[in-house]
Amino acid sequence: MRVKGTAFHARLYLLKHKLGEDAVEAFVAAYRREHPEFPTSVLPTSQIPAETFLQLNDAIVEQVYGGDTDSLWELGAMSAEWSLTEGPYKGLLEGRDVTRFAAMAPVMWSNFFDTGRARTEVRPDCIELHIEGVPAGLRHLYFEYSVIGYFRRGLEMLGGNVRMERVTGFSAGDADVHYRLHLTAP
């Protein structure tokens, strides 16, 4: 499984807003010294092995958030803020169309990851988001918390309040992820 460089740039966005530019440059330089397999140059179109990308996220969680894996929710939310305002999906919020946003989940997944899939079902009271096909050795909390956090934040940016309900998840030892994102007016 490979992760698109765009996801790396979303991490940089989060870190720059949280730590500042100089601290991010120091963090990335130190990380690359400790992990020489990590690419020295990452373009948005670059493909990073998922294991390598997950190690970077683990380092961020450990060093920036003191090991708190719940921080992956924030990583997802900040990734949404970047990609939906400055990044590749900045036009997706125009028109405030929840159904259109939900329908883009499979496309967005495949633009970030080359294995597995995301699918959505739009219901009158919620959007059901499924993440399937992630290889057993890569069922990391990142793929649950940050991806669901991304979509929750995107829905919030569209103007709704979101209550999450986990049906299945890697966090519960399941082979896939399924959340219901219940929407209410602000």
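Table: residues versus (1) modelled with pLDDT of 95 or more; (2) under 26 Å from ASP97 (Cβ atoms); (3) not small (Gly, Ala, Ser).
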position	(1), (2), (3)
CYS126	no, yes, yes
GLY133	yes, no, no
LEU141	yes, no, yes
TYR145	yes, yes, yes
ALA172	yes, no, no
ALA175	yes, no, no
ARG180	yes, yes, yes
LEU183	no, yes, yes
Segment 47-105: helices (runs of 4 or more DSSP H) wholly inside it with 3 or more residues that are over 15 Å from the mean Cα position of the chain (by Cα) are 50-65, 98-103
THR115 vs (1) touching a residue at least 24 places away in the same chain (Cβ under 8 Å); (2) touching a Gly at 6+ places or on another chain (Cβ under 9 Å); (3) closer than 18 Å to ARG139 by Cα; (4) surrounded by 15 or more Cβ atoms within 10 Å (Cβ to Cβ): all pass except (4)
Open item on the list: Would you confirm, using the coordinates I've provided, whether ALA59 is out of contact with any His (no Cβ under 9 Å at 6 or more places or on another chain) and touching a residue at least 12 places away in the same chain (Cβ under 8 Å)?
Closed with: no
| query | Just a yes or no: is a residue in segment 32-49 surrounded by 15 or more Cβ atoms within 10 Å (Cβ to Cβ), touching a Lys or Arg at 6+ places or on another chain (Cβ under 7 Å) and among the β-branched types (Val, Ile, Thr)? | reply | yes
Note on PRO106: of the conditions (1) in contact with a Leu (Cβ under 9 Å, 6 or more places away or on another chain); (2) surrounded by fewer than 18 Cβ atoms within 10 Å (Cβ to Cβ); (3) closer than 21 Å to PHE170 by Cβ; (4) of a type outside the set (Val, Ile, Thr), unmet is (1)
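Which is of a type in the set (A, V, I, L, M, F, W, C), farther than 18 Å from GLU165 by Cα and not assigned by TED's automatic domain parsing to the domain that holds ARG11, of PHE143, PHE151, PHE101? If you could, list the steps in order and put the result at the bottom.
Values: PHE143 fails: farther than 18 Å from GLU165 by Cα; PHE151 fails: farther than 18 Å from GLU165 by Cα.
Result of the check over PHE143, PHE151, PHE101: PHE101.
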Per the list (1) crowded, with 18+ Cβ neighbours inside 10 Å; (2) within 17 Å of ASN57 (Cβ to Cβ); (3) out of contact with any helix residue (DSSP H, G or I) (no Cβ under 7 Å at 6 or more places or on another chain); (4) not β-branched (Val, Ile, Thr), residue check on PRO135 breaks on (1)
With criteria (1) surrounded by fewer than 17 Cβ atoms within 10 Å (Cβ to Cβ); (2) assigned by TED's automatic domain parsing to the domain that holds HIS178; (3) more than 18 Å from GLY160 (Cβ to Cβ), GLY66 comes up short on (2)
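Got at least one residue in segment 145-152 being among the charged types (D, E, K, R) and surrounded by fewer than 22 Cβ atoms within 10 Å (Cβ to Cβ)?
Checking segment 145-152: not a single residue is among the charged types (D, E, K, R) and surrounded by fewer than 22 Cβ atoms within 10 Å (Cβ to Cβ).
Criterion first (exposed (fewer than 14 other Cβ atoms within 10 Å of the Cβ), not assigned by TED's automatic domain parsing to the domain that holds HIS130 and not small (Gly, Ala, Ser)) does LYS90 satisfy it?
Working: exposed (fewer than 14 other Cβ atoms within 10 Å of the Cβ): yes; not assigned by TED's automatic domain parsing to the domain that holds HIS130: yes; not small (Gly, Ala, Ser): yes.
So LYS90 passes the test.
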Scanning segment 172-186 residue by residue, those closer than 21 Å to GLY133 by Cα and exposed (fewer than 14 other Cβ atoms within 10 Å of the Cβ) turn out to be ALA172, GLY173, ALA175
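The values are calculated or read from the model by the stated rules, or taken from the named source; none is laboratory data. Every value quoted in this text rests on a predicted model; they were computed, and no experiment measured them. Virtual Cβ from ideal backbone geometry, glycine too; neighbours counted across all protein chains shown.
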